[in-house]
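Have a look at the structure below, then the notes.
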Amino acid sequence: MIIPIPLRAVLIGASLLAISGQSGAEPGRLLASQCAQCHGTNGAGPGFDELAGKSASELYHELIEMKYRANIEGIMDRQARGYTDGQLRKIADYLSTVPGTGGD
Amino acid sequence: MNTLNRRQFLKLAGAASALAALPRGVGAATTAPRVVVVGGGFGGATVAKYLRMWGGNVQVTLVDANPNHVSCILSNLVVTGALSMSRITLGFDSLKNNHGVTVMQGRAIGIDAAGNKLTVSTSTGNKVLPYDHLVLSPGIDFVPAPGNWDANLTPHAWQAGPQTTLLKNQLAAMRSYETFVMTVPKAPYRCPPGPYERACVVADYLKRKGRTGAKVIVLDANPGITAEPVAFTNAFNVTHAGWIEYVPNATVQSVDSSKRTIVTSARTVSNAKVLNYIPNQKAGAIAAALPLNSQGFVPVNPLTYAVSGYPNIHVIGDACAVPASVGKAVPKSGHMANSEAKVCADAIVRSFTGQLPDEDIATSSACFSPITNTKASWLSTNFIYGDIVDAAGNVIGKGMNRVDIGEAPANGIDGDSYQDMFTWADSIFSDSYI
């Protein structure tokens with residue numbers, strides 16, 4: 001018989017393991033990592049348009065434009081529909097903080 | 001699971017739950033956490049890489065039976081000879097050298113859930129790997145066909161590598177007026193658009209090679225085209241009219257590989273020149289001792305990919321079943337496996353610092369499918385964590401709720417999309433392996 005155990009108990013146990021070099025999760029990092037399959041890890045290529053280090057407000061407004069565009073043209077017009085506006089904001093804010101390669 | 005049978009496995013698992021509930025010893029407090037990953041496909045490679053990127057000093061060991069991974073993505077273009085096998089062969093060197101992942105070549109054969117240990121069969125004997133978290137990304141296994149089925153005679157080429165070469169050689173040997181028969185497995189299966197894509201590029205190949213009167217017969221176990229219905233209906237009826245015959249509702253009743261004969265509820269084809277029997281699918285073998293759903297896949301927690309009752313064993317990619325709304329299943333694809341790997345990696349890293357998993361999460365899949373040797377279509381779908389519903393629209397719980405799905409508009413099936421296919425492939429290859 002399998003007895004599921006409460007998640008909290010596992011977390012307490014696991015938290016005794018030492019982790020160093022990273023401070024937990026940064027806001028937007030996980031959501032922004034979903035861009036990487038087509039734009040490269042951290043949005044820094046190889047792939048479609050480079051996203052890393054671009055202006056947060058420009059990225060956000062482009063994503064919002066694609067999300068609400070009436071006539072679907074490209075695949076990003078669909079992908080942008082896959083996130084809440086708040087998630088798009090987090091993604092744009094995070095990507096703007098990542099160093100880019102200076103590419104397009 | 002060669003060393004433990006299911007009953008033994010479950011017995012051990014019960015003990016594991018009891019042990020895991022206890023705080024770990026003081027000695028563990030200064031130990032870097034260890035994660036063992038099984039399977040070097042898109043899910044396994046990505047989770048290994050991102051655990052190292054995000055997890056500080058976490059120790060990650062990636063176990064794969066092969067020295068490298070051959071990608072199913074783009075593999076239909078190897079079948080037609082448009083691409084070489086080396087183009088889709090992805091090594092583990094960057095995971096080792098750039099990210100500090102330990103790579104072990106061997107086959108995972110047993111999980112000691114009570115002792116938090118994985119047994120791996122290697123060329124130098126069995127190795128036992130202790131873990132704090134175990135991530136299984138074993139991909140698919142095949143449900144044997146009724147009858148006399150032998151994949152070495154009638155290749156599926158649904159796991160890329162030697163099978164891809166077998167099918168390529170059989171296709172190359174086809175002459176005019178000969179028949180290529182293929183099946184579409186009953187959903188859910190790996191890469192929903194993949195079989196239809198294959199029908200298209202095989203027909204395109206036969207046409208370009210001047211194989212007059214040759215034909216592709218598609219025997220689909222499903223009631224209709226399961227992905228990109230507009231693009232593939234047009235491709236079958238217009239672009240490749242006369243070269244492809246599409247037969248829905250074709251439930252397979254028997255297969256005779258030596259005679260290349262297949263009997264289905266809708267059509268029997270005897271003595272085909274090529275029988276590309278793509279079997280129905282289930283979770284890869286190492287996951288099969290875990291609790292399975294009725295379709296043979298492992299239900300997981302959508303926030304962590306942990307298996308119910310096994311809080312430190314996670315299953316990602318094709319082998320897992322993510323809770324979703326009825327009729328809006330999470331597709332099994334390399335892209336989705338990469339997506340799930342990141343959610344899983346983040347949840348594991350959070351657990352090491354005592355944080356609960358992030359609930360503001362999204363997953364996605366996107367891909368390009370060649371329709372001819374110059375044009376491709378595309379498919380896109382997205383999921384956000386939240387309420388999921390049954391067929392009547394009643395909320396049945398939390399899961400990954402499909403918020404969008406769509407395929408290329410007619411004017412998007414073109415040469416630009418064909419080029420974009422390689423940009424996408426190189427990007428996901430890099431994000432997963434480099």
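Some observations on this one:
- Any hit, the range B:392-402, residues being open to solvent by less than 10 Å² (accessible area, probe 1.4 Å) and more than 7 Å from every other protein chain (Cβ to nearest Cβ): yes
- Within the range B:227-238, residues that are within 9 Å of B:SER369 (Cβ to Cβ) have Cβ atoms under 6 Å from residues that are open to solvent by 60 Å² or more (accessible area, probe 1.4 Å) and among the basic types (Lys, Arg) in no pair, counting only partners at least 6 apart in sequence or on another chain.
- Of residues in the range B:342-362 being facing another protein chain (nearest Cβ under 7 Å) and touching a Ser or Thr at 6+ places or on another chain (Cβ under 6 Å), the one modelled with the lowest pLDDT: B:GLY354
- Complete set of residues in the range B:50-71 that are over 18 Å from the mean Cα position of the chain (by Cα) and not aromatic (Phe, Trp, Tyr): B:LEU51, B:ARG52, B:MET53, B:GLY55, B:GLY56, B:ASN57, B:VAL58, B:GLN59, B:VAL60, B:THR61, B:PRO67
- Selection from the range B:126-148 of residues that are in a strand (DSSP E or B), open to solvent by 30 Å² or more (accessible area, probe 1.4 Å) and away from chain A (no Cβ under 14 Å): B:ASN126, B:LYS127, B:VAL128, B:ASP141, B:GLY147, B:ASN148
- When the range B:317-341 is filtered for residues that are more than 14 Å from chain A (Cβ to nearest Cβ) and among the β-branched types (Val, Ile, Thr), the ones remaining, listed by number, are B:VAL322, B:VAL326.
- Residue within the range A:80-91 that is within 16 Å of the chain's Cα centre (by Cα) and not in a helix (DSSP H, G or I) present: yes
- Candidates B:ASP404, B:ASP390: the one that is over 20 Å from A:ILE72 (Cβ atoms) and either of a type in the set (Asp, Glu) or more than 24 Å from the chain's Cα centre (by Cα) (or both) is B:ASP390.
- Cβ pairs under 6 Å, 6+ apart, first in the range B:260-288 and at positive phi, second surrounded by 24 or more Cβ atoms within 10 Å (Cβ to Cβ): B:ARG260/B:LEU275
- For the range B:282-294, the criterion of being open to solvent by less than 20 Å² (accessible area, probe 1.4 Å), within 9 Å of another protein chain (Cβ to nearest Cβ), farther than 15 Å from B:PHE383 by Cα and not basic (Lys, Arg) is met by no residue.
- If only residues of the range B:116-147 that are among the small types (Gly, Ala, Ser) and out of contact with any helix residue (DSSP H, G or I) (no Cβ under 6 Å at 6 or more places or on another chain) are counted, the one that is nearest to B:GLY106 (Cα to Cα) is B:SER121.
- Selection count where residues are in contact with a Pro (Cβ under 9 Å, 6 or more places away or on another chain) and either crowded, with 20+ Cβ neighbours inside 10 Å or not aliphatic (A, V, I, L, M) (or both), scope the range B:243-273: 6
- Scanning the range B:418-430 for residues that are more than 7 Å from chain A (Cβ to nearest Cβ) and open to solvent by less than 10 Å² (accessible area, probe 1.4 Å) turns up B:MET421, B:ALA425.
- Among residues of the range B:350-375 that are within 17 Å of B:VAL403 (Cα to Cα), those with a beta-carbon under 7 Å from a residue that is modelled with pLDDT of 95 or more and open to solvent by 40 Å² or more (accessible area, probe 1.4 Å) at least six positions away or on a different chain give the pairs B:GLU359/B:TYR385; B:ILE361/B:TYR385.
- The range A:54-79, residues that are under 18 Å from A:ALA44 (Cα atoms) and part of a loop (DSSP other than H, G, I, E, B): A:LYS54, A:SER55
- Candidates are the residues of the range B:367-405 that are hydroxyl-bearing (Ser, Thr, Tyr) and touching a strand residue (DSSP E or B) at 6+ places or on another chain (Cβ under 9 Å); the one that is farthest from B:PRO302 (Cα to Cα) is B:THR374.
The values are calculated or read from the model by the stated rules, or taken from the named source; none is laboratory data. Since this is a predicted model, take the numbers as computed values, not measurements. Because the Cβ atoms are built from the backbone with ideal geometry, glycine has one as well, and the counts that use them run over all protein chains shown. Note: areas computed on protein heavy atoms with side chains; ligands, DNA, RNA excluded. Shrake-Rupley method; radii C 1.70, N 1.55, O 1.52, S 1.80 Å.
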